[in-house]
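Quick note: the coordinates plus some simple rules give every number you see, no bench work behind them. Keep in mind that what you see is a predicted model, and the values were worked out from it rather than measured. So basically every Cβ, Gly included, is an ideal-geometry build from the backbone, and we count neighbours across all protein chains shown.
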């Protein structure tokens, strides 16, 4: 109890409150701009977190990502362009509602159920994390290896693309992580005599390049999205309570699915939204209404993607294994601030954990008033010319990556990763898998090599221990899943739509 | 930048072989069976396998069909390299020119490349760099280079 109060005191510090408010507005604006994703919003925040206190730094990441995931619904609903990939699953549905003149209902559902999903997800984090921490204390390098590997396999499943290309992207990420001397033997690898490469590839320049610079590059070769006509909105939250009562069951299902997918290492908000929308349609009493402006799927998927955001912190905090690309960034910030992820975080640093929970709840509560303001100003924000925003993003990429180490080499890295991300995206190679490979490469290798040395090159201990055998089974399940889908499609003699890969 | 799967798969095979070959030449740790070479060789062979499968077109059925694109002249795709060129410019020019001038050039060039009119590009290039400098230099204490034009603060 004293620790809860201590946590509340940490959050009530003026710098933390200012950080929450400022990053909330930032997240709302960036998330609502098409092409600027929640991951990118978070990645560009990292240089700023260097100069904040640990709690304030975590607060900016949590708040900005939660806001950006919600506000990605706004352009999806009004322009049929998802602001973030996590909104893509139900963009058509929301836009259909807008065409029926019910934009308020669609936006309100996005806001209301995002907030509920965020809060339920946080509660699951509060309940689950300490319980799992007990289990995690007995984990050895074998379990950590499988967990990290499972995370990587999940990252390849999330991608709505060819699973082979996803695995190739992931391997490429692992290969990039090999660069430098950060390996168990301390041997410089693939440095080609460049001293800047000795320390390895920093994650932040890679992230900024892949998610932000490549977006600027894409803007160069695509037409500008249409401008939003000026419009007045009625009451945003008017019918949400009726919807909550009517679709109570789908809402809870969305929350639960979101939580489960969030907890899986490697799978995040995008996958949660797709899966929830699909389940909603499958179990609905009126599946024929889906796609024509029916709020049911919207309710479930909106709750789901925000719920997954909170529960995605479970593997990150416990094992240092990112739940998605956003928590991949968060883990970097946690290490930087001395809050090294691991089960002991919950016993030795309980007040910081309570502060983190409080920030989550707070962020989801202020999401409602701020979100309403954002919706009312959306026509103003979305009118900002792309030719004015993208140059600023590019400049931020340059300065931000320079700021991470006061090193100009990072600026070159950002540019190179921008090209890599752009080319990969264009050819159907999912970039999220690449990023998770880079983030987790040294962890996978460390645990793999250490385990092999411990067992004298024997693979049996990898599958003999009870927890590691379960994790191994899950990993191979994820690996063989696409093959199963493929065979099933063949035997059924028909082809599923592309979404089949994500289900 | 559309590349056929045969080419991108082939590139992966070459990259994988180089990784495996480079990895195999790494010095082993005396007295240990597994050393720094194991992981790159494993990844390299994985990449070779994936590359071959991609080049053969396996797994294509999972991909979303591509949207038809408007025809563009061949140089249109090269515009995508503008951001990279500007970042390269930042790396080379920020020390001698200073942050303010470099940033102004980048913002101006990027805005024009995206089709902004001069009435937008010029004010943006004049206003944004000082604001960015203020935020990063004053608030975040990033040592941005002064170069030819020092900021008044």
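The calculated FRET efficiency for the pair residue A:492 and residue B:2, based on their C-beta separation and a Förster distance of 25 Å, comes to about 0.20. For the range A:255-327, the alpha carbon positions stretch 43, 17, 13 Å along the principal axes, listed from largest to smallest. Placing dummy labels 7 Å off each Cα toward the beta-carbon, the span from residue A:194 to residue A:140 is 4.0 nm.
For helix B:99-113, report the angle its Cα long axis makes with the longest principal axis of the Cα atoms of chain B; keep it between 0 and 90° and round to the nearest 10°. Tilt relative to chain B: about 70 degrees.
Highest mean first, how do A:291-298, A:4-11 rank when packing is the count of other Cβ atoms within 10 Å averaged over residues?
Highest mean packing first, the order is A:291-298, A:4-11.
Seen from all directions on average, the range B:5-62 presents a Cα convex hull projection of 4.1 nm². Counting beta carbons within 10 Å around each of A:142, B:76, B:90, A:357 and listing the fewest first gives the order B:76, A:357, A:142, B:90. Shown for A:326, B:106: other C-beta atoms within 10 Å of each C-beta, ranked fewest to most, produce the order B:106, A:326.
Please compute the length gained on full extension between residue A:181 and residue A:456, using 0.36 nm multiplied by the number of residues separating them and subtracting their Cα-Cα distance.
Stretched fully, the residue A:181-residue A:456 segment lengthens by 96.7 nm.
For chain A, the longest principal axis of the C-alpha atoms and the axis of helix A:248-263 are separated by about 20°.
Quick check: from the Cα gyration tensor, does the range A:309-368 come out rounded (a/c under 1.5), prolate or oblate?
Note, shape of the range A:309-368 comes out oblate.
Under the simplified labelling scheme, the residue B:85-residue A:2 pair shows an inter-label distance of 6.5 nm, with each label point 7 Å from Cα along Cα→Cβ.
Rounded to the nearest 0.05, what FRET efficiency is calculated for residue A:380 and residue A:18 with R0 set to 22 Å and r the Cβ-Cβ distance? Before the final figure, lay out the partial values.
Values: r = 24 Å, r/R0 = 1.08.
Efficiency computed from Cβ-Cβ geometry: 0.40.
In the range B:5-62, Cα pairs under 8 Å separated by at least six residues give a relative contact order of 50 percent. For the residues of B:110-122, the average number of beta carbons from a partner chain within 10 Å of their own beta carbon is 5. The calculated P(r) of the range A:253-297, using every Cα pair and 5 Å bins from 0, goes 5, 24, 29, 19, 13, 8, 3 in percent.
For the range A:23-147, what value does the Rg/Rh ratio take when both radii are computed over Cα atoms and Rh is the Kirkwood radius, given to two decimals?
Reported Rg/Rh, Kirkwood definition of Rh: 1.09.
In this rough spin-label picture, where each label sits 7 Å from Cα along the Cβ direction, the residue A:244-residue A:288 distance is 3.2 nm.
The order of A:390, A:170, A:128, going from fewest to most other C-beta atoms within 10 Å of their C-beta, is A:128, A:390, A:170.
Each 5 Å bin from 0 upward holds the following percent of the Cα-Cα pairs of the range B:75-139: 3, 18, 24, 24, 19, 9, 3, 1, 0. Compared with the dominant Cα axis of chain B, that is its longest principal axis, helix B:118-133 is turned about 80°. In chain A, Cα pairs under 8 Å separated by at least six residues give a relative contact order of 28 percent. For the range A:208-353, relative contact order (Cα pairs under 8 Å, six or more residues apart, normalised by length) works out to 23 percent. Given C-alpha coordinates of chain A, what is the ratio Rg to Rh with the Kirkwood estimate of Rh? Checking Rg against Rh, the ratio lands at 0.95.
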